[in-house]
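Please read the structure below before turning to the comments.
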Amino acid sequence: MTTVAHVVGARPNFMKAAPVIRALNALPVRQLLIHTGQHYDASMSDAFFRQLSLPTPDINLGVGSGSHAQQTADVMIGFEKFIGANRPDLLVVYGDVNSTMAASLVAAKAGIPIAHVEAGLRSFDRTMPEEINRIVTDCLATLFFTPSADADANLKREGIDAARIHLVGNVMIDTLIKCLPMANANAILAPLGIGERQPYILVTLHRPSSVDDPALLAALIEVLNDLAKEYPVIFPVHPRTQAKLAAATRAATLHLLDPVGYLEFVGLEKNARLVITDSGGVQEETTYLGVPCLTVRDNTERPVTISDGTNRLAGRDPHTLRRLAKESLEGPVPKKRIPALWDGHASERIAAVIAKELR
Ligand code: UD1
Ligand code: UDP
C-alpha cells in the first residue's frame, strides 16, 4: 500500500498537520506520523494531540532542544534511520521550523518526493532562522501547497515550475474553523477575575528577534505594563521567553501564564480587544477572526494578513508599539476581509492533489 509520512515537531505544526491527516484518511493510503520531539513539554505538544485528535505518532525521535545545528542534525539522523526501515512514497512537511527543513534534507537525498504545506512564504529577512528553513525546504520540495497568491509569486520567481504549485488556502484556518465552536477561554479568564465580555489584550512573544535581547524584552514588557493600567494583559509565555523573562523587570502587572491549550488560546483570541504577537499563526488566526493584531516584527512572510486582514506591523521599537496599541484600543475595530481560500477546505484540496500525484 502507498505510504504517506508526515513530520511534525513544534507547536504550529500540529494545527497544520491535523486537518491534512484527516483529509488523507479518505484515500487508500497508509499514513505514518513522525514527531521529531523538537517541542516536548506537555503544554507545547501533548495537549494538541488530544485537542486536535491527532493520531499517536508512530515514532517520537526525541530530539529536544539544542543549537540549530544540533537540533537539525539530530532530526536528520533519527529520521534517516526511521525511513530506512519505513520508506514512504511521499513525505509531507509543514511550515518553517527546523524539523521541517531537516526532514526535507533527508528525504530529498533518499529520493523521496516532498510535499511542502505552507510553501512559498517569504519574509525576505535571512536573519530569521525560519526564512532559511523556508528557502531550503522549497529548494527540495517537489509539490508546493500555498496559502496565498503571494507565495505562488515567490516560488515562480525562484524558478519553481508553476505546474508543481497548488494554491490551496490555509490549513491553519481549516483547524480554526473546525475548532471554533469548542473554543472557550472561561477556564483561563475566570481564575484571573476577568469577565468573558470584559476587554483585554492578549500577548504572545517567542521570536529570538523579540525575546533574546534582554534590553528589548524589558522595553517591550514596559509597554505591556503601561497598557495593563487600562486593560488586563494576558500573556501565555512560550518556554523560550520564560527562560528570558526572569531577567526582564517588573512584569508583575501582567497575567503571565504557561502556554495554554489550543481551544483555550483560540477562545482568548476571539474575544480579545487587541492581540500583540510575533507569532506567524496568530497573525493568520486574528485575520480570520477579525481581531486587531499588532505584530512585533519588522516584516512578515504573511502579507495578506496586512493587505486583507487586521494585522499591522509594529516593528520592534517600543515607542511605536505603545503608540499603535493606544491608537488601536481607542479607534474602531478595523474592517476585515478573509483572504481567498481561507475557507476550511484547504486540506481537502491538498488531499485531491496528493491523490492524483500518487495514482
Ligand atoms: C520554534 C521554531 C519557530 C516557531 C516556534 C513555535 C525553529 C528554528 N523555530 O521556535 O519557528 O515559531 O518553535 O513555537 O524551528 N523549550 C522548552 N520546552 C519545549 C520546547 C522548547 O523548554 O517543549 C525551550 C528550550 O529552552 C529551547 C527553547 O525553548 O531551547 C527554544 O525551542 P526551539 O524549538 O529551539 O525553538 P522555538 O523558539 O520554540
Ligand atoms: N497557541 C496555543 N497556545 C498558546 C499560544 C499559541 O495553542 O499559548 C497556538 C495558536 O493558536 C496558533 C499556534 O499556537 O495556532 C501558533 O504557534 P506559535 O506561535 O508557537 O508558532 P508560529 O506560528 O509563530 O510558528
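The values are calculated or read from the model by the stated rules, or taken from the named source; none is laboratory data. As the structure is a prediction and not an experimental result, all values here were calculated from the model. All Cβ positions, even for glycine, are placed from backbone atoms using ideal geometry, and neighbour counts span all protein chains on display.
What the table below lists for this structure:
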item: Filter result for residue 359 (closer than 30 Å to residue 225 by Cβ and either of a type outside the set (Ser, Thr, Tyr) or buried (at least 22 other Cβ atoms within 10 Å of the Cβ) (or both)); result: no
item: Qualifying residues in the stretch 126-166 (those that are assigned to a loop (DSSP other than H, G, I, E, B) and hydrophobic (A, V, I, L, M, F, W, C)) - the one nearest to the chain's Cα centre (by Cα); result: 128
item: The listed residue being away from ligand 1 (no atom under 16 Å from the Cβ), closer than 30 Å to residue 150 by Cβ, part of a helix (DSSP H, G or I) and out of contact with any His (no Cβ under 9 Å at 6 or more places or on another chain), out of 224, 180, 216, 189; result: 180
item: Helices (runs of 4 or more DSSP H) contained in the stretch 250-359 and holding at least 1 residues closer than 28 Å to residue 195 by Cα and within 16 Å of the chain's Cα centre (by Cα); result: 262-271, 280-289
item: Top-ranked residue in the stretch 271-292 [being within 12 Å of ligand 2 (Cβ to nearest atom) and in contact with a Gly (Cβ under 9 Å, 6 or more places away or on another chain); ranked as farthest from residue 183 (Cα to Cα)]; result: 280
item: Residue list for the stretch 24-49, filter: in contact (Cβ under 8 Å) with a residue 24 or more places away in the chain, surrounded by fewer than 21 Cβ atoms within 10 Å (Cβ to Cβ) and within 16 Å of ligand 2 (Cβ to nearest atom); result: 40, 41, 43, 44, 47, 49
item: Unique residue being in contact with a His (Cβ under 6 Å, 6 or more places away or on another chain) and touching a residue at least 60 places away in the same chain (Cβ under 8 Å) when the list is 296, 275, 282, 353; result: 353
item: Residues being in contact with a Leu (Cβ under 6 Å, 6 or more places away or on another chain) and either away from ligand 1 (no atom under 14 Å from the Cβ) or within 21 Å of residue 189 (Cβ to Cβ) (or both) - total across the stretch 275-287; result: 3
item: Checklist (1) polar (S, T, N, Q); (2) farther than 29 Å from residue 145 by Cβ; (3) in contact with a helix residue (DSSP H, G or I) (Cβ under 6 Å, 6 or more places away or on another chain); (4) at pLDDT 95 or above applied to residue 253, failing item; result: (4)
item: Whichever residue in the stretch 59-78 is touching a Leu at 6+ places or on another chain (Cβ under 9 Å) and assigned to a helix (DSSP H, G or I) and, among such residues, is farthest from residue 182 (Cα to Cα); result: 77
item: Selection from the stretch 131-147 of residues that are closer than 16 Å to residue 7 by Cβ and within 16 Å of ligand 2 (Cβ to nearest atom); result: 133, 134, 137
item: Any hit, the stretch 339-357, residues being acidic (Asp, Glu), in contact with a helix residue (DSSP H, G or I) (Cβ under 7 Å, 6 or more places away or on another chain) and closer than 25 Å to residue 120 by Cβ; result: yes
item: Residue among 308, 298, 317 that is among the acidic types (Asp, Glu), more than 8 Å from ligand 2 (Cβ to nearest atom) and closer than 21 Å to residue 233 by Cβ; result: 317
item: Residue identified as touching a Leu at 6+ places or on another chain (Cβ under 7 Å) and more than 12 Å from ligand 1 (Cβ to nearest atom) among 56, 3, 36; result: 3
item: Options 305, 300, 277, 295; residue that is in contact with a strand residue (DSSP E or B) (Cβ under 9 Å, 6 or more places away or on another chain), at pLDDT 95 or above and farther than 22 Å from residue 212 by Cβ; result: 305
item: Residue pairs meeting the criteria (Cβ under 6 Å; at least 6 apart or on separate chains; first within 16 Å of residue 284 (Cα to Cα), in the stretch 324-338; second polar (S, T, N, Q)); result: 334/310; 336/310
item: From 104, 99, 43, 123, residue being more than 23 Å from residue 351 (Cα to Cα) and either modelled with pLDDT under 95 or not in a loop (DSSP other than H, G, I, E, B) (or both); result: 43
